[in-house]
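The structure appears below as structure tokens.
The values are calculated or read from the model by the stated rules, or taken from the named source; none is laboratory data. These figures come from a predicted structure and were not determined experimentally. Note: ideal-geometry Cβ built from the backbone for every residue, glycine included; neighbour counts use all protein chains shown. Protein only, heavy atoms only, side chains kept; ligands, DNA and RNA dropped before computing areas. Shrake-Rupley method; radii C 1.70, N 1.55, O 1.52, S 1.80 Å.
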Amino acid sequence: MNADQLELRTLTETDFDQVIDLDELVFNDPPGPDQWRAIVKDLFELDRGRGIGVFAGDELAGVGIISGLEMAVPGGVLPEAGVLLIGVKPTYRRRGIMSRMIRHQLHTLHEEGAEPLAGLTASESVIYGRFGYGVATYGASFAIPRHRSGLRPVPGADQVRVRLVPTAESAAVCEAIHARQVGKRAGMLVRPEPWGRVYGTDVEAWREGRSVLRTVLAERDGEAIGFARYRSKNDAGPSGLAAGYTDVSELYADDTAGYAALAGYLLTLDLVGGTKFYRQPVDSPLVYLLEDLRAAEMRVRDVLYLRLVDVDRALAGRTYAAPVNMVLEVSDRLCPWNAGRWHLTGDEKGATCTQTAEPAELALDVRELAAVYLGGTTLAALAQVALVTELRPGAVADATRAFATDLAPWLQFGI
């Protein structure tokens, strides 16, 4: 079937089974249990009309689903269109379906005046740059041997009680703690209720030989100030020594003492050889608390791919660490309304961004603008590899200071 015979239309709830089948096919996943399908149905929200499909007759050939989220940016929170799922059936590749869906998503968001930002996590890192998505956050994972897991002392950690609680019954407390963390770093998402269920539900198929999903609370004076969720696997090696591990899926705390108390508990569980922490920020407290960081096998990878749907609304929607008064020349092949010169003025209190005919001081593509938007990459770093052009001496340094953030941005859960 030719590309011009493929129909793009809004998905409805009646398309759900085809969507799930395509998802499992594209990402090589086993069939999901009914428990998981029920959660996914709430995540996809097909009844809200924000999913699109490309059809060959009645057959779903490609799918793209957006969910309305809220993301912390420097100085506040902005709406973000989270691209939960986008994929093309293998038998319909190389027909422009992916490009067609992404173009439709971005143009619709602009035309409707919807979210000024769009974001996704990429199964393949080389795909999304050509659509103007830039790597805005990175994440770290740690694999820490138990015998080299010592932490530096933290004042007040010994005043924190760590208590095992039932995962299901503690969900509301954990979500309240999680909500208090949003805004501490740019890139963090307000977590809707269905996403809370994703992380707080013990789906048996996800155990993969490990324990049930366990939850511990950190408490001070009877008040919950942090929580962690984890699974463990007891796997004795040939010598009889513990070769299993503890997998930590979540760790949040209101302060350093609570974090250290939880980390200390997770790092010293018996009958395992070590502890693995996933989806941590690159400047995680673990980097500075571990006595032996070299033993931690720290790995860093790209996480959030961000797209500025409307440059003016996005740049005016955040604050800036240093005063900025600058004209940016932005190129954007896919979204022509963003292309041109933009006069950005702002400081730690707020900002404005308007089109202008004034001479540009910096020139860059929207992909690079997205990469620096949350502070995870600096303009100076991009300029050193000629991805940013300085048109006024000192403009790169000025803009680098303005876009900086105190802590590395972090996408704390998957979209």
Next on the checklist: Quick check on my filter: what residues within region 333-356 are of a type in the set (V, I, T) and assigned to a strand (DSSP E or B)?
Outcome noted: T345, T352, T354
Checklist entry - Given the conditions (1) open to solvent by less than 70 Å² (accessible area, probe 1.4 Å); (2) not in a loop (DSSP other than H, G, I, E, B), and given that G32 satisfies all but one, which numbered condition is not satisfied? => result (2)
Next on the checklist: Here is a list: A253, A314, A296. Which entry is surrounded by 20 or more Cβ atoms within 10 Å (Cβ to Cβ), at pLDDT 95 or above and under 28 Å from G150 (Cα atoms)?
Outcome noted: A253
Item to check | Only listed residue being loosely packed, with under 13 Cβ neighbours inside 10 Å and under 25 Å from G132 (Cβ atoms), chosen from R100, R9, R95 | outcome: R9
Checklist entry - Cβ-Cβ below 7 Å, separation at least six or inter-chain, first residue in region 65-84 and more than 30 Å from V19 (Cα to Cα) and modelled with pLDDT under 95, second open to solvent by 10 Å² or more (accessible area, probe 1.4 Å) and among the charged types (D, E, K, R): which pairs? => result none
Checklist outcome for this item: Screening Y133, Y199 for residues that are of a type in the set (F, W, Y) and modelled with pLDDT of 95 or more leaves only Y133
Checklist entry - Could we say that L120 is part of a strand (DSSP E or B), at pLDDT 95 or above and either touching a Phe, Trp or Tyr at 6+ places or on another chain (Cβ under 7 Å) or closer than 21 Å to A72 by Cα (or both) here? => result yes
Checklist outcome for this item: Expected single match for open to solvent by 50 Å² or more (accessible area, probe 1.4 Å) and either closer than 20 Å to A157 by Cα or at pLDDT 85 or above (or both) among Y230, Y259, Y245 is Y245
Item to check | Scope region 402-414; condition at pLDDT 95 or above and either surrounded by fewer than 16 Cβ atoms within 10 Å (Cβ to Cβ) or assigned to a loop (DSSP other than H, G, I, E, B) (or both); matching residues | outcome: A404, T405, D406, L407, A408, P409, W410, L411, Q412
Checklist entry - Are there any pairs with C-beta distances below 7 angstrom linking a residue in region 130-150 that is part of a loop (DSSP other than H, G, I, E, B) to a residue that is open to solvent by 10 Å² or more (accessible area, probe 1.4 Å) and among the polar types (S, T, N, Q), with the two at least 6 apart or on different chains, and if so which? => result S149/T268
Next on the checklist: Against the conditions (1) touching a Phe, Trp or Tyr at 6+ places or on another chain (Cβ under 7 Å); (2) over 20 Å from S284 (Cβ atoms); (3) open to solvent by 40 Å² or more (accessible area, probe 1.4 Å); (4) in contact (Cβ under 8 Å) with a residue 60 or more places away in the chain, where does W195 fall short? Just the number, please.
Outcome noted: (3)
Item to check | Restricting region 199-227 to residues that are among the small types (G, A, S) and assigned to a loop (DSSP other than H, G, I, E, B), the residue that is surrounded by the fewest Cβ atoms within 10 Å (Cβ to Cβ) | outcome: G222
Next on the checklist: Suppose we keep only residues that are under 26 Å from the mean Cα position of the chain (by Cα) and farther than 18 Å from T400 by Cβ within region 318-336. Which one would you say is surrounded by the fewest Cβ atoms within 10 Å (Cβ to Cβ)?
Outcome noted: R333
Checklist outcome for this item: Among helices (runs of 4 or more DSSP H) entirely within region 256-332, at least 3 residues that are over 30 Å from L379 (Cα atoms) occur in 256-267
Next on the checklist: Can you find, within region 20-29, the residue that is farthest from the chain's Cα centre (by Cα) among those that are under 10 Å from G87 (Cα atoms) and surrounded by 17 or more Cβ atoms within 10 Å (Cβ to Cβ)?
Outcome noted: L22
Next on the checklist: Here are the criteria: (1) open to solvent by less than 50 Å² (accessible area, probe 1.4 Å); (2) touching a helix residue (DSSP H, G or I) at 6+ places or on another chain (Cβ under 8 Å); (3) at pLDDT 95 or above; (4) over 26 Å from R197 (Cα atoms). Tell me which single one V272 does not satisfy.
Outcome noted: (3)
Next on the checklist: Anything in region 205-236 that is acidic (D, E) and more than 20 Å from L164 (Cβ to Cβ)? List them, or say none.
Outcome noted: E208, D235
Item to check | Residue check, R185 touching a helix residue (DSSP H, G or I) at 6+ places or on another chain (Cβ under 7 Å), at pLDDT 95 or above and not hydrophobic (A, V, I, L, M, F, W, C) | outcome: no
Checklist outcome for this item: Selection from region 357-384 of residues in a loop (DSSP other than H, G, I, E, B), surrounded by 15 or more Cβ atoms within 10 Å (Cβ to Cβ) and not hydrophobic (A, V, I, L, M, F, W, C) yields E361, G375, G376, T377, T378
